[in-house]
1. If Lys and Arg each add +1 and Asp and Glu each add -1, what is the summed charge of the other residues whose beta carbon sits under 12 Å from the beta carbon of Ile13?
2. Shape call for the range 221-297 from the C-alpha gyration tensor, a ≥ b ≥ c root eigenvalues: rounded (a/c under 1.5), prolate (a/b greater than b/c) or oblate?
3. Excluding Val126 itself, what net charge comes from residues whose Cβ is under 12 Å from its Cβ, given Lys and Arg +1 and Asp and Glu -1?
4. Apply 1/(1 + (r/R0)^6) to the Cβ-Cβ distance of Thr307 and Ser266, taking R0 = 45 Å, and write down the FRET efficiency to the nearest 0.05.
5. Need the full-extension length gain, Leu38 to Arg314, defined as separation in residues times 0.36 nm minus the C-alpha distance. One decimal, nm.
6. Pull out a ≥ b ≥ c, the square roots of the eigenvalues of the alpha-carbon gyration tensor of the range 90-234, then state rounded if a/c is under 1.5, prolate if not and a/b is larger than b/c, and oblate in the remaining case.
7. Multiply the residue separation of Ala276 and Asp86 by 0.36 nm, subtract the distance between their alpha-carbon atoms, and state the gained length in nm to one decimal.
8. With label points built 7 Å along Cα→Cβ from the Cα atoms of Asp67 and Asp14, find their separation and express it in nm.
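Please treat every number below as a calculation from the coordinates, not as lab data. Given the structure is predicted, the values throughout are model-derived calculations rather than measurements. As a convention, Cβ positions derive from the backbone with ideal geometry for all residues, glycine included, and neighbour counts pool all protein chains shown.
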Amino acid sequence: PSMVIAGESGAVIDGGASTATLPTPTSPWYTSTGSRGLYVTGALQLYARGFTIRNCRARDGAALFIDRSAWSDAVSAMPTGLFIDDVTFQFNAATNDGGAMHFSREASLVNVTVTDSRAGGNGGAVFFDNPDSYSRPYQVMGSTLSDGDAGGDGGLIYAAGEVHVYGSRILRGKAKQGGCVYRPSVRSPRSLTIDGSTEPGAWNEAVVQGCSARVAGGGVYVDGGTARLLQVGLRHNVAPLGGGLFVTGDSVVLLKNTTVRDNTASDEGGGVHVEASTLRAEGASFVNNTARDGGGINAAMSTVTVTRGTRFSRCMAGRGAAPPAAPS
């Protein structure tokens, strides 16, 4: 079965909560002041386009919650794709995970705008769960996610499943770890890709900018599996460890044609901090990153490969402005 939700110009689903009471992750939560936007269950194909969902409150995924759809094998094998196109999410808040959206099965977000969302747990804007039975990735294309706040990890995106982000802007998130994007340690070998193209093969630039973390990974935090940042602008992010990027948990990370610029760590790794993992930089630029140790890259118990074409400029640190800081 399939369902289409198409809005005319100006169409709005309003949960009824006041934007003046949009909670912060550390404030009391009053979910009774508003209602959920959309809840989708069952083996259903959904196409949603051209409207706004705002002022919603719920436990998880305040504006849009998609469940795992654990039906019989015959039914769950049916196509259950979720396609969200040109939808705006504003002023939504969840008590737990996914301030605006919570997904537990395949979904594509295209030309979506998410702004001013909060989660008491993880994923200030979007929580992508790890659907063990699925091999197809979540996709975010040509979208803007901004001004998200999480009490836990992932100020804008919490990527437990396989997530591919193409040609999108991820801006001004706040979290404990992964101010913009958090990739947790999971059992299955899922991957994270942030790619500057609006579609595979069409190069542009993705932006991860202006985010902050209270512990580590101001821009992006990767804990296990593989991650690729291709043609990404990783800029103006802040954290105690790994101002731009924090890598741990035996991860394998590729930075290709990516600019790591104007990031700050109060402790280690102004641009990147990598520990017990593998990092490869191809044609990357590290410019004007600052930290106490390792202004450009700080490495511990890791393998760091920097290929020809990668450059370091104006990175500042008390020790080790350019890579690496410590082999063990």
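1. +1
2. Here the range 221-297 falls in the oblate category.
3. Spelling it out: positives minus negatives among the neighbours equals -3.
4. For R0 = 45 Å, the calculated efficiency reads 0.95.
5. Between Leu38 and Arg314, full extension yields an extra 94.5 nm.
6. rounded
7. Length gained, Ala276 through Asp86: 64.4 nm.
8. Inter-label distance under the simple model: 3.0 nm.
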